[in-house]
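Peer 1: Before anything else, here's the structure in question.
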Amino acid sequence: QVQLVESGGGLVQAGGSLRLSCAASGLTFSGYTMGWFRQAPGKEREFVAAISRSGGSTNFADSVKGRFTISRDNPKNTVYLEMNSLKPEDTARYYCATSSGWRRQMETSQYNYWGQGTQVTVSS
């Protein structure tokens, strides 16, 4: 049974930083592209960042480029999202997810397993 468990969310002031983690089990972690998405109340779930199986390729939404970093530790079955210079508009529930491919990694439809999410709240 595949499980993705996010952690590291919380309340932070604007300009602050958080590091999210997503621990995976029940799958061959190194065989999957990993993505981070977020969803704010009343909004669609949106792409944040993705990292390829080896970690050699990454992609970011324009809204977080230069502020967020994604990384993975395959032996630990964990993917990370380092978030710096946080803004109130980054407030959302953040989800990690797995995809079998790399193309179209910005699309939610390409992801098959999802975690329950972790809440990030940025105060102004």
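Peer 1: Condition first: β-branched (Val, Ile, Thr) and surrounded by 15 or more Cβ atoms within 10 Å (Cβ to Cβ). Now tell me which residues in region 24-49 satisfy that.
Peer 2: The initial filter retains those residues of region 24-49 that are β-branched (Val, Ile, Thr), namely 28, 33, 48.
Result: THR33, VAL48.
Peer 1: Quick one: count up the residues across region 74-96 that are under 15 Å from TRP36 (Cβ atoms) and either open to solvent by less than 10 Å² (accessible area, probe 1.4 Å) or not polar (S, T, N, Q) (or both).
Peer 2: Qualifying residue count, region 74-96: 12.
Peer 1: Pairs please, first residue from region 63-83 and over 19 Å from GLY15 (Cα atoms), second anywhere and among the basic types (Lys, Arg) and open to solvent by 10 Å² or more (accessible area, probe 1.4 Å), Cβ atoms under 6 Å, 6+ apart in sequence or on different chains.
Peer 2: VAL79/ARG72
Peer 1: Would you mind finding the one in SER57, SER7, SER52, SER99 that is of a type in the set (S, T, N, Q) and surrounded by 19 or more Cβ atoms within 10 Å (Cβ to Cβ)?
Peer 2: SER99
The values are calculated or read from the model by the stated rules, or taken from the named source; none is laboratory data. Just so we're clear, the structure is a prediction, and the values are computed from it rather than from any experiment. Note that each Cβ is placed from the backbone with ideal geometry, even for glycine, and that neighbours are counted across all protein chains shown. Heads up: the accessible areas ignore ligands, DNA and RNA and are worked out on the full protein's heavy atoms, side chains in. Shrake-Rupley method; radii C 1.70, N 1.55, O 1.52, S 1.80 Å.
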